[in-house]
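> Let me begin by handing over the structure; questions about it come next.
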Amino acid sequence: MTSVPVFRVAAQRLSGAKVRLDGPEGRHAALVRRLQPGERVNLTDGAGLLAECVVRGSGGPGDPALDLEVLEHRSVPRPDPRVTVVQALAKGDRGETAVETMTEIGVDAIVPWAAARSITQWRGDRGEKALAKWRSTAAEASKQSRRIWWPEIAEPATTAQVARLVAGATLAAVLHEDADLSLADLTPEQLGLELGSGLGAGLGRTNDIVLIVGPEGGISPEELRAFAEAGGVPCRMGPTVLRTSTAGTAAAAVLLARSGRW
């Protein structure tokens, strides 16, 4: 069975019994998806609000929009625990690849990190365009994966800002190939948590999991020290070395499963 397509609209437009889906989203629904009367559509604000709809009419080629009847309004709880990935800036399109796949599996926030060994640095107009591309990639991946909570793509962070993020997290794992501890072997006791029988057994809504993914050249000793002092735990993924574009997705998948999110 084909899943219902998702489109994003402003929250204030989701309260009524009818919605006119216009603008870029309506154009895509009408002209690209070619949705017809009687077909189902889900609308979301990307922050937990969901309107389950059915198409009742369309505006035609000169008016690319759809008239929708709302069948049900729902509020979807925020995923818990929240998973944030700090992604070092990567060369080429590897950053967008990381954003796309992490969005698809359910990561809640992605923080671009200007690591010391990142080949690419975001400055000026180039940085603004790169950030806009990450956000556009996340939006498209959210629609493709039928997400109701869309990930936040934060402003680029310095190492000091990442260290503060680590200090405020319930669990902070720094991916590093030479670490003694395997990510899969993390226990509540090693992290100083009292979570009962499983990683997510006692997590409340305020708890965060933070993963730090380094650049192609690796995380520098100074950065590792800063994160360790903030409470970060160095962890390895396994016997192989993953690219920066895939490491975050693989690591997040492990913790999403262990936390009970999957």
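> Amide H neighbours of residue 41 under 5 Å, counting only residues 5+ apart in sequence or on other chains, H built in-plane at 1.01 Å?
It is 53, 54, 55, by chain and number.
> Could you give the nm distance between label points at residue 20 and residue 36, where each point is 7 Å from its Cα heading toward the beta carbon?
So the two model labels end up 2.5 nm from each other.
> Along Cα→Cβ, 7 Å out, is where each label goes; now give me the distance between the ones at residue 164 and residue 56 in nm to one decimal.
Roughly 4.9 nm, to one decimal.
> Provide, as a two-decimal number, the C-alpha radius of gyration of the stretch 94-159 over 2.2 N^0.38 Å, N being how many residues it has.
Rounded to two decimals, the normalised Rg is 1.10.
> Once you list every other residue whose beta carbon is under 12 Å from the beta carbon of residue 259, what net charge do they have if Lys and Arg are +1 and Asp and Glu are -1? Intermediate values should be presented prior to the final figure.
Values: positive: 82, 258, 261; negative: 80, 108, 208.
The answer is 0.
> So what's the angle, to the nearest 10 degrees on a 0 to 90 scale, between helix 244-258 and the longest Cα principal axis of the chain?
90 degrees
> Which lysines, if any, have their Cα less than 20 Å from the Cα of residue 129, not counting same-chain residues under 8 positions apart?
Counting by Cα, and skipping residues close in sequence, residue 129 has these lysines nearby: 91.
> Right, next: For the chain, what is the percent of antiparallel DSSP beta bridges, rounded to the nearest 5?
Given both bridge residues lie in the chain, the antiparallel proportion sits at roughly 45 percent.
> Could the peptides 174-182, 231-239 be put in order, highest first, of the mean number of other beta-carbon atoms found within 10 Å of their residues? Don't jump to the answer; show the numbers that get you there.
Details: 174-182: 16.0, 231-239: 17.7.
Going from most to least packed, we get 231-239, 174-182.
> Largest first, please: the extent of the C-alpha atoms of the chain along each principal axis, to the nearest Å.
For the chain, the Cα spread along each principal axis is 60, 46, 31 Å.
> Another question about this same structure. Within the stretch 230-262, name every residue whose backbone N is under 19 Å away from a label modeled 7 Å from Cα of residue 74 along the Cβ vector.
Those under the cut-off are 261-262.
> I'd like to compare 6-18, 127-139: which one has the highest average count of other Cβ atoms within 10 Å, and what's the full order after that?
Ranked by mean Cβ neighbours within 10 Å, highest first: 127-139, 6-18.
> Identify all aspartates and glutamates with a Cα-Cα distance to residue 133 below 12 Å; exclude those on the same chain that are fewer than 8 residues away in sequence.
93, 96, 100
> Further question on the same structure: Starting at 0 and stepping by 5 Å, how many percent of the alpha carbon pairs of the stretch 28-163 end up in each bin?
Result, from short to long distances: 2, 10, 16, 17, 15, 12, 11, 8, 6, 3, 1 percent.
> Could you tell me what fraction of 2.2 N^0.38 Å the Cα radius of gyration of the stretch 1-79 comes to, as a two-decimal ratio?
My calculation over the Cα atoms of the stretch 1-79 gives 1.03.
> Let me ask something else. Regarding the stretch 140-186, what whole-number volume in Å³ per residue does the convex hull of its Cα atoms give? Walk me through the intermediate numbers first.
Values: hull volume 7.6 nm³, N = 47.
Cα-based convex hull of the stretch 140-186, divided per residue, equals 161 Å³.
> Expected output is a single nm value to one decimal: the length gained when fully extending between residue 240 and residue 136, i.e. 0.36 nm times separation in residues minus the C-alpha distance. What is it?
Contour length minus Cα-Cα distance gives 34.3 nm.
FYI, it's all coordinate maths here, none of it is from the lab. The structure displayed is predicted, hence computed values, not measured ones. Ideal geometry is used to build each Cβ from the backbone, glycine not excepted, and the neighbour counts take in all protein chains shown.
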